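See below for the structure under consideration.
What follows draws every value from the coordinates through simple rules; no lab data is involved. Values in this document were obtained by computation on a predicted structure and should not be read as measured data. Here the Cβ positions follow ideal geometry from the backbone for every residue, glycine too, while neighbour counts run over all protein chains shown.
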Amino acid sequence: AARLCSGAGSEAAAAGGPGAMLRHLARKLRASGPVTVAEYMREALTNPGQGYYTRRGGVGESGDFITSPEISQVFGELIGIWYISEWMAMGKPSTLQLVELGPGRGTLTEDILRVFKQLSSVISKCDVSVHLVEVSPKLSEIQAVMLTGGKVQPSPEDEAAYMKGISKTGIPIFWYRDIQDVPTGYSFYLAHEFFDALPIHKFQRTEKGWREVLVDIDPEVPDQLRFVLSPSRTPATQNFIQPEETRDHVEVCPEAGVIVQRLASRIEKDGGAALVADYGHDGTKTDTFRGFRNHQLHDVLSAPGTADLTADVDFSYLRKMAQGKTATLGPIKQREFLRNMGIDLRLQVLLQNSGDTATREQLLHSYDMLMNPEKMGDCFNFFALLPHHRLVHPDKKDKPESKSPLPPVAGFNELLLK
Ligand code: SAH
């Protein structure tokens with residue numbers, strides 16, 4: 001399912017023609033030697049001229065991979081309800097920033113804003129704004145059409161946001177290239193299939209100790225890339241491998257670590273929460289780096305820039321990088337999270353309200369994609385960062401009986417909306 005079953009549709013011809021990225025990389029490798037997998041991935045995905053996301057970012061049925069929000073509106077609606085339930089549990093603050101990292105086509109935010117509109121009797125007194133962190137000019141255009149009907153304006157150079165607009169439901173929306181540019185304040189962060197797109201370093205244990213996997217040009221075949229091992233330790237082997245590591249192959253995504261540190265610091269200081277949903281593991285998997293093109297697995301070293309490259313998220317690493325600044329919940333399987341959020345009830349209501357067989361079949365099919373353990377139900381996970389006081393009363397130890405119990409966090413427990 002999804003990037004597990006990603007597939008066709010890439011026009012290999014980019015602005016610079018087919019093979020432009022490969023030629024650029026080959027020149028670079030010949031001039032200065034092998035690069036880390038992280039550097040290769042960064043070039044292939046987000047190079048400003050030829051990167052996969054920069055040029056197209058094929059999210060959706062006609063692209064290279066399909067994601068949960070693109071499969072069913074119910075997915076985004078339940079996440080919208082999660083945010084409203086957390087906003088209520090945190091005492092209904094008067095302002096709230098919804099910050100999405102890597103919003104793709106903008107579908108998830110669109111579905112969340114529709115829920116906010118439907119529940120306006122609950123949330124109307126709150127001053128809501130939307131902040132999207134997106135490096136791809138192509139995808140930010142698609143997001144602008146989806147969310148504002150195309151009514152956006154570029155921001156002056158001296159402003160942190162590069163574009164702004166107003167949603168169809170009247171909410172201000174801002175676009176940034178980096179999380180650091182987003183204003184601070186009480187915020188709900190969202191990262192759906194974002195961390196898996198960030199560059200990873202790959203390491204291999206050898207008889208001589210840890211070595212980093214690098215990407216080089218193949219001397220035997222012109223313009224073909226191959227993996228090699230670093231002849232000695234690299235700065236990354238020194239910094240990212242834990243002494244107690246037991247695996248022989250390890251992937252580390254330091255950029256994900258830095259972003260989680262930032263989110264945790266912001267939540268600790270200004271309040272809010274972060275919801276991360278992605279495929280991943282809890283520090284157990286070894287070799288998950290893979291490519292997708294036209295909904296098919298694609299050799300990661302072939303035709304860079306024309307395929308999505310991705311690696312499973314290591315949730316144990318994200319938890320560690322939160323550095324105790326916030327509490328963490330999960331990872332919990334997508335099917336458990338969505339069931340706790342009430343997906344079964346929502347499906348029943350939609351089925352009852354839909355008259356025609358085709359719509360009913362579509363609803364059942366998309367439910368199966370999201371929930372089936374063989375499809376997206378088991379391999380996708382939800383993980384949250386929350387202020388410590390959301391889970392434990394600060395003075396609980398001293399006066400255990402003095403406070404009413406904190407409401408459970410929806411999704412990770414059953415949803416209780418009062
Ligand atoms: N969340 C969407 C899209 C996932 S694809 C969905 O689930 O459908 C990954 C998204 O992250 C794309 O929007 C891509 O352009 C963006 N992205 C990738 N690397 C990024 C980076 N370093 N900074 C900001 N956005 C990035």
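Please compute, over every Cα-Cα pair in segment 152-260, the percentage with a separation greater than 16 angstrom. In whole percent, the share of Cα-Cα pairs in segment 152-260 beyond 16 Å is 73. For Thr95, neighbours were defined as the other residues whose beta-carbon sits under 13 Å from its Cβ, and their charges (Lys and Arg +1, Asp and Glu -1) total 0.
Over 22 Å between C-alpha atoms is what I'm after, so list which of Lys202/Lys320; Lys202/Lys269; Lys269/Lys320; Lys285/Lys333; Lys285/Lys320; Lys202/Lys375 land there. Lys202/Lys269; Lys202/Lys375, as the Cα separations exceed 22 Å there.
Remark: relative contact order (segment 136-229) = 13 percent; criterion is Cα-Cα distance under 8 angstrom and separation of 6 or more residues. Among Val145, Val122, Val130, the largest mean-square fluctuation in a Gaussian network model of the chain, built with springs joining Cα atoms closer than 10 Å, belongs to Val122. Note on segment 134-201: the C-alpha convex hull projects to 5.8 nm² when averaged across all orientations. Counting only Cβ charges, +1 for Lys and Arg and -1 for Asp and Glu, the dipole size of the chain around its Cα centre is about 720 debye. Among beta bridges from DSSP that stay inside segment 254-336, the antiparallel ones total about 75%. With N counted as the residues of the chain, its alpha-carbon radius of gyration over 2.2 N^0.38 Å works out to 1.01.
Over segment 81-193, the reciprocal of the mean inverse Cα-Cα separation, the Kirkwood hydrodynamic radius, stands at 14.1 Å. Between Val349 and Gln362, the simple label model (points 7 Å from Cα in the Cβ direction) yields a spacing of 1.9 nm.
Ordering 383-392, 78-87 by mean Cβ neighbour count within 10 Å, with the highest value first, yields 78-87, 383-392. Of all DSSP bridge pairs formed entirely within the chain, close to 60 percent run antiparallel.
Dipole check for segment 97-226: with +1 at the C-beta of Lys and Arg, -1 at the C-beta of Asp and Glu, and the Cα centre as origin, the magnitude is about 560 Debye. Considering only C-alpha atoms, what is the centroid distance from segment 144-172 to segment 354-391, in Å? The distance from the Cα centre of segment 144-172 to that of segment 354-391 comes to 30 Å. Among Phe174, Leu214, Phe75, pick out the residue whose Cα is farthest towards the positive end of the charge dipole of the chain, where Lys and Arg carry +1 and Asp and Glu carry -1 on C-beta, about the Cα centre. The listed residue farthest towards the positive side: Phe174. Could you list log10 I(q)/I(0) for segment 287-358 at q = 0.17, 0.23 Å⁻¹, which the Debye formula gives when each Cα is one point scatterer? Debye curve over Cα of segment 287-358, log10 I(q)/I(0) at q = 0.17, 0.23 Å⁻¹: -0.88, -0.95.
Ranking Cys126, Phe194, Phe116 by how far each Cα lies toward the positive end of the dipole of the chain (charges on Cβ) leaves Cys126 at the top.
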